[in-house]
Amino acid sequence: MPNSDRVVLALGGAGTVGSGIVKAFLDRGFKVVVISRDANRLEKLKGFVSATSRENLVTLVGNVGSEEGAEEVKQAVLKAVGKVTDVVSSLGFSWWQGGPPHTQTVKELNWVLETLILSTFVSWKAFFPLVRDDPSCTYTFITGGAGEKLLMPGTGFLTVGAASALAFCHVLREEYPDVPCKLNQVKINTGVATPDHLAPGYLSHLDVGEAVAMLVERKNTSHTVVNVNCLADLKTILMENNM
């Protein structure tokens, strides 16, 4: 299937990590659909991607954080583009430092869990059936390393939420070992930022986007976790694509 016939649903595509992924897919000739509750973020994304590929970007205002909202969005997506061949999920936020657990409220914990794991589950439940039974389709989760360690004092709830996302991806690999769709996870164990906000040890969202797009484009792995710890890991992915 040529890239021009593939439709990528980029969940979280208006965020920092997601925008780099969206641009990479568009530059490779894919059609990309992005959903956000914030219309302004969608307009910003349109201004960020290459002008020559902007016609292949479809943006929809909607909420994939609830079952009702995700179902509504699914119908809107199918009406707009007819099909989905690939899903990339990079939902959530990149940072939380609200303080040690004993200073937090249940409301705060619920918000973190809703953002990092419940939206991932709800959107997966809605959109996985669109690609599940087709071996030419893919579903890729973008996760982080915060779920395996406390990044710094005061980030405990971030660790709890991120660990839940890691566990969910593990469960899916175990529960669906023979699903035809290529089901994978890219685990980024370092910070990701835009080029103008890069800090030592951080990765550019453009480089991350290139690597994710190449992995999805190849469709030669399934039920694997790709660990990204540094720029060299991304370069390895790119080199493997060219071999």
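Who wins for biggest fluctuation among K23, K31, K125 in a Gaussian network model of the chain, springs between alpha carbons below 10 Å? Of K23, K31, K125, the most mobile in the Gaussian network model is K125. About the centre of its Cα atoms, the range 83-140 shows a dipole size close to 80 debye [charges on the beta carbon of Lys, Arg (+1) and Asp, Glu (-1) only; nearest 20 debye].
Can you give the net charge of the other residues whose Cβ lies under 14 Å from the Cβ of D233, counting K and R as +1 and D and E as -1? Could you put the intermediate results ahead of the total?
Values: positive: K187, K235; negative: D207, E210, E240.
Net charge in that neighbourhood comes out at -1.
Computed extension gain for A232 through K79, at 0.36 nm per residue and net of the alpha carbon distance, reaches 51.0 nm. Relative to the Cα centre, the charge distribution of the chain, modelled as +1 at Lys and Arg Cβ and -1 at Asp and Glu Cβ, gives a dipole magnitude of about 300 debye. What does the net charge come to around L9 if you take all other residues with beta carbon closer than 12 Å to its beta carbon, with K and R at +1 and D and E at -1? That sum, taken over residues with Cβ under 12 Å, equals +3.
Per residue, what accessible area does the range 100-233 have, given a 1.4 Å probe and all protein chains present, in Å²?
Values: 6280 Å² over 134 residues.
It amounts to 47 Å² per residue over the range 100-233.
Could I get the Rg over Rh figure for the range 144-191? Both from C-alpha atoms, Rh via Kirkwood, rounded to two places.
On the Cα set of the range 144-191, Rg over Rh gives 1.09.
For the residues M152, M214, M239, M1, a 1.4 Å probe over the protein chains yields an accessible-area ranking, largest first, of M239, M1, M152, M214. Near F141, the amide H atoms lying under 5 Å from its own belong to S89, N184, Q185, V186; only residues 5 or more places off or on other chains count, and H is placed 1.01 Å from N. The slack in the chain from V225 to H197, taken as 0.36 nm per residue of separation less the alpha-carbon distance, amounts to 7.3 nm.
Keeping the other protein chains in place, figure out the carbon and sulfur percent of the accessible area of the chain, with a 1.4 Å probe. List each step's numbers first, then the result.
On the way: 6260 of 11550 Å².
Looking at the chain in its full context, I get 54 percent from C and S.
In this structure the amide hydrogen of V33, modeled in the peptide plane, comes within under 5 Å of the amide hydrogens of V8, L9, A10, V58, none closer than 5 places in sequence on its chain.
The values are calculated or read from the model by the stated rules, or taken from the named source; none is laboratory data. Keep in mind that what you see is a predicted model, and the values were worked out from it rather than measured. Because the Cβ atoms are built from the backbone with ideal geometry, glycine has one as well, and the counts that use them run over all protein chains shown. Accessible surface is based on the protein model in full, side chains and every heavy atom, while ligands, DNA and RNA are left aside. Shrake-Rupley method; radii C 1.70, N 1.55, O 1.52, S 1.80 Å.
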